[in-house]
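First the structure, in the form of structure tokens, and then the observations on it.
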Amino acid sequence: MSNTLRPYLNAVRSTLTAAMCLENFASQIVEKHNVPEVEAGNSQEVLLNPLVVSRNENEQVLIESSINSVRVSIRIKQADDIERILAHQFTRFLMMRAESFIILRRVPIKGYDISFLVTNFHTEQMFKHKLVDFIIEFMEEVDKEISEMKLSLNARARIVAESYLSQFV
Amino acid sequence: MGLLDEHNFPFCVTAHAFNRDKSQVAVCPNSNEVHIYARSGTQWALAHVLGEHDLLVTSIDWAPQTNRIVTCSQDKNAYVWTQDAGGAWRPTLVHLRIRRAATQARWSPREDKFAVGSGDRCVAVCYFGEDNDWWVSKHLRRPIASTVLSVAWHPNNVLLACGGTDAKARVLSAFIKGVDEKPAPSPWGERLPFGTLCGEFDAPAGGWVHGVAFAPDGNALAFATHDASLSVASPQTASVVSVRTPGLPLVALSWPAQSTIVAAGHDCSPVVFARDGDTWRVARRLGEDDQRRSAAASPSGNSAFNLFRQLDSRSQPARASGGDGALKSVHQNTITAVRADPAGGSDVSSSGLDGKLALWSVGA
């Protein structure tokens, strides 16, 4: 299992390190404004080509970069309905508290489950390699969390069913 | 070759400029102010605060001979500061006429003009207009198509190189009638009225041009692009020689001696390029073989042992940083500016987003 995970995460890590070369860039469209160009999308020449790193068709990472911001969108593996609900609740919980996460986006990009927006102001305040480490760790952890939640959900359901049905035996 | 001096400021240094004898340095602490620090022993003490701009100050240049400072900012303004008899710095208005942010300002070699690159897709060349007692500008517009990220002057005071987000490095003529005399013929061209395009170059894989610099004799132009390569264009052979570096893009460069280029960027350590006949190659990276730094990264001294132990027990691949997250290089974050020695020597200074200001000796 871990054999395919390592190359996938290494590919995401090197792509993110290259994509996170950001600098302060004032808007060319509106004077005295400074916007993340990947969100504004007005000037085509300051946007880089978006890149998708995929492990399989269910797990993908979309990295869109520009001169002053990077948007990383992750599609989490959701094998069945329970996992779909759990992933949705989990990401919703995180995204509602996006302010404490600083780099989290409140709304994911269409087709993906969660999105991060890193701007040049974030790379000025925080180490770039630590930001990349954080995103990679997040990708590893979210799978573990959802499996854990599913296991405990199933265990609780079994206990509840047993204790309820035991009165009919 | 190596680190001469370093100083940590408690803020990101957006831009820096030394005066002629390097006894004072003007820095922008990632805000709308410019701080001037004067050397006191081994430390820098705050001497003046220049606060005329409204938004981030993007560039500072200190003219070594005339002792004037030009600053430009994202609020579409530039000011020329002169020191009065009492030692205080007074701003002079510059009629820049740009409609977007200014990105870089540089004095010409003779310090009678300066060029300001802007997001308005032009370079404003400014000279002093005696009749109104302010600096007036002429714009270089065609064929620049997007934000100009960096400008550099040719030693003859007339030619100007600019590079920006339209992925081209250009050499244009900034000849101002009344300020300049006719320049000597050069490999870049003979008759050079204002605005003549003398050369247009791009990098092998494309990419925004982050920094440009002329050779000390002016016969070649080096530019650093976002595809992590350094290209050198020479008009005599009409060729562009590129060196692809294996790391992250280079953002700032300086050409201190005829066969040495120093460039730095997102890899957080300056790279020295040496001439190899007709081509250039990466000679060395500065600051990464510092003994105390590599010892600090692995306190037990057995970094290879620790590496494999970590790989085995925690299946964690090799990390570029030490245990506390610090990088092996001197700078801990992107280097945003590399400046040449204002006195003309071969030392370079670098400043970055980690707040460090470092002086390097490069040799020649």
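Read the figures in this text as sums done on the coordinates, not as results from a lab. Since the structure is predicted, the reported quantities are computational estimates derived from the model, not experimental observations. Note that each Cβ is placed from the backbone with ideal geometry, even for glycine, and that neighbours are counted across all protein chains shown.
Can you list residues from other chains, or at least 5 along the same chain, whose modelled amide H is less than 5 Å from the amide H of B:F194?
Those qualifying (amide H under 5 Å, at least 5 residues apart or on another chain) are B:F175.
Which of the peptides B:83-93, B:105-115, B:194-204 is most tightly packed, and how do the rest follow, going by the mean number of other Cβ atoms within 10 Å of each residue?
Those peptides, ordered most packed to least, come out B:105-115, B:194-204, B:83-93.
Could you please report the charge total around B:L172, scoring K, R as +1 and D, E as -1 over all other residues with beta-carbon less than 11 angstrom from its beta-carbon?
Taking every other residue near B:L172 into account, the sum is +2.
What does a probe at A:V52 reach in the stretch A:135-154, counting residues whose amide N is under 20 Å from the point 7 Å along Cα→Cβ?
The answer is A:139.
Let me confirm one metric for peptide A:26-34, namely the mean number of other chain beta-carbon atoms within 10 Å of its residues' beta-carbons.
6
May I ask for the net charge around A:A98, where only other residues with Cβ less than 13 Å from the Cβ of A:A98 are counted and Lys, Arg are +1 while Asp, Glu are -1?
Around A:A98, the surrounding residues sum to +3.
What is the calculated FRET efficiency for A:V30 to A:E137, with r their C-beta to C-beta distance and R₀ = 35 Å, to the nearest 0.05?
E between A:V30 and A:E137, to the nearest 0.05, is 0.45.
Tell me, what is the FRET efficiency for A:R106 and B:L3 to the nearest 0.05, using R0 = 51 angstrom and their Cβ-Cβ distance as r?
Plugging the Cβ-Cβ distance into 1/(1 + (r/R0)^6) gives 0.70.
Which Cα, out of A:L151, A:F168, A:F127, lies furthest along the positive dipole direction of the stretch A:96-169 (beta carbon charges, K/R +1, D/E -1)?
Result: A:F168.
Using the alpha-carbon atoms, what tilt in degrees (0 to 90, nearest 10) does helix A:128-165 show relative to the longest principal axis of chain A?
Here the helix axis deviates by roughly 20 degrees.
Which value, in debye to the nearest 20, gives the size of the charge dipole of the protein assembly as shown about its Cα centre, when Lys and Arg are +1 and Asp and Glu are -1 at the Cβ?
My answer is approximately 380 debye.
Points 7 angstrom from Cα along the Cβ direction at A:I85 and A:A157: gap in nanometres?
According to this spin-label approximation, the distance is 0.7 nm.
In the neighborhood of B:C126, defined by Cβ-to-Cβ distances under 9 Å, what is the net charge if each Lys or Arg adds +1 and each Asp or Glu adds -1?
Net charge around B:C126: +2.
Any of B:K22/B:K356; B:K138/B:K182; A:K110/B:K168; B:K22/B:K76; A:K32/B:K177 with alpha carbons more than 26 Å apart? Name them for me.
Over 26 Å apart, Cα to Cα: A:K110/B:K168; B:K22/B:K76; A:K32/B:K177.
Counting only C-alpha contacts under 8 Å and six or more residues apart, can you give the relative contact order of the stretch B:27-147 as a whole percent?
16 percent
Rounded to the nearest Å, what's the spacing between the alpha carbon centres of the stretch B:180-253 and the stretch A:51-121? Just the number, please.
41 Å
Cα centroids of the stretch A:132-148 and the stretch B:160-179: how far apart, whole angstrom?
Cα centres, the stretch A:132-148 to the stretch B:160-179: 49 Å.
Contour minus end-to-end for B:V282 and B:R110, with contour as 0.36 nm per residue of separation and end-to-end as the Cα-Cα distance?
That works out to 58.7 nm of additional length.
If I fit a long axis through the Cα atoms of helix B:303-314 and take the longest principal axis of the Cα atoms of chain B, what angle between them do I get, 0 to 90°, rounded to 10?
Rounded to the nearest ten degrees, it is 70.
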